[in-house]
Amino acid sequence: MQAPVILTQMRHVLLAATLAIPTTANAQFQIQDSHTTASLRGIHSIGNGVAWASGTEGTVLRTTDDGATWQRCTTPPDAEKLDFRGIQAFDQNTAIVMSSGKGDLSRLYKTTDGCKTWKLVFTNPDKEGFWDAIQFSSRDNGVLLGDPVDNIFVIMITFDGGLKWERQTLRATEDINGESVFAASNSSLLLTHYAGYRRFCTGGRGGPRLISFVASLSNDTPNYEPDNFKLHYFRGLNAERFQTKTPSFESSGCFSIASDDRFGTTVAVGGNYQQPNDRDDTAWTTASMSLRASDWSIFHPAQTPPHGYRSAVAYDSTSKTWITVGPNGTDISRDDGRNWTALKPGVQDAPDADKNWNALSLPFVVGPKGRIGKLRPEALKP
């Protein structure tokens, strides 16, 4: 006869515990001194305390002590007015930085001596072109993504660490209709460990959607080791429109995509940067909303979206947590992007430590006016 009483007490305990679950988490980014006022959109952390950042006015920064100090690098030649939206680092001495702009304002510079000197390695050959993102799957193999030219998304590829680039063969896309890629955080492009499989997300009047494609091996491939893949030619493409609640605008769409450490789940974030507080159409995930196996291959809108427009997303494998940032806040998800909660500043953080961010490469985050933060180790603990 005691069982009903015990069960009732247990229900009350569980209910109290449920009501006590916070809708926000605390403790996050520790603000660091970048010694610059440039707007920063490029950040690449490669571990062992080494990270590189980039931004407006030809700005490139580097740290080798986990952010304790940030070094202002030598400005690349004739780059004082360039906007460096993306950077890819290989070690503490070697990195490639990408500027975004119309035509020849899109350029690539490379350093091999710890940013003391830079070499111009590639300039946009398309007068109407605009570069958006650069990613490397290995030290040699890299991909450069640009807005459509003559209804063809621009894909440039390199097999020698960025010294030489060639255009990948793609077909024209008739339904682009104002579609483009956002150069907001250098994370609209995603490569897997297999260099031939690539994904990027789009926005604008014709978007948003995810474009996935595979490149084939050329005839001169010496063997099938991953670092020797010569992935020149387009072989297959899949384009998936995201579900949206509101009409698409030039300022709205998908801005960033990321995968977990097994490339099982992919999460996309974005929104309308001209309406940063609007929560509609700000996150999607390939994690299934049901038990049907077929649902795991497509994107679903988040059930509980982030608290506004988000420009970058990343996955922390240690805590199995997704984190996304934007101008009005930071959000995290512990269920593969289905539901998001705000990550608010803790007592040891600056009052605005959750806001005014552009790009992520954990544990670092960058934003306007030289803003750099480092994620506190305890921030993502459950």
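A short reminder: the numbers here are calculations on the coordinates, not readings from a lab. Note that the structure is predicted; figures quoted are calculated from it, not measured. Ideal geometry is used to build each Cβ from the backbone, glycine not excepted, and the neighbour counts take in all protein chains shown.
Miscellaneous remarks
- For R167 and E378, the FRET efficiency from 1/(1 + (r/R0)^6), where r spans their Cβ atoms and R0 equals 41 Å, is about 0.30.
- With a simple spin-label model that places each label point 7 Å from the Cα along the Cα-to-Cβ direction, the separation between D66 and N238 comes to 4.0 nm.
- Net charge of neighbours whose Cβ lies under 15 Å from the Cβ of K245, counting Lys and Arg as +1 and Asp and Glu as -1: -1
- In a fully extended conformation the segment linking D91 and R139 would gain 16.3 nm over its present Cα-Cα distance, using 0.36 nm per residue.
- Residue-span extension gain [R205 to T246] - 0.36 nm each, minus C-alpha spacing: 13.6 nm
- A straight line joining the Cα centroids of segment 51-78 and segment 267-284 runs 29 Å.
- Across K245/K381; K344/K381; K119/K369, pairs whose alpha-carbon gap is larger than 24 Å: K245/K381; K119/K369
- Inter-site label distance for S317 and V347 at 7 Å from Cα along Cβ, in nm: 3.5 nm
- Full extension of the chain between V149 and K81 yields a length gain of 22.1 nm, computed as 0.36 nm times the residue separation minus the alpha carbon distance.
- Spin-label model distance (nm) - T123 vs H35, 7 Å beyond Cα toward Cβ: 3.1 nm
- Charge tally in the Cβ shell below 12 Å around P377, where Lys, Arg are +1 and Asp, Glu are -1, P377 excluded: 0
- FRET efficiency estimate (nearest 0.05) - Cβ-Cβ, N339 to D175, R0 30 angstrom: 0.40
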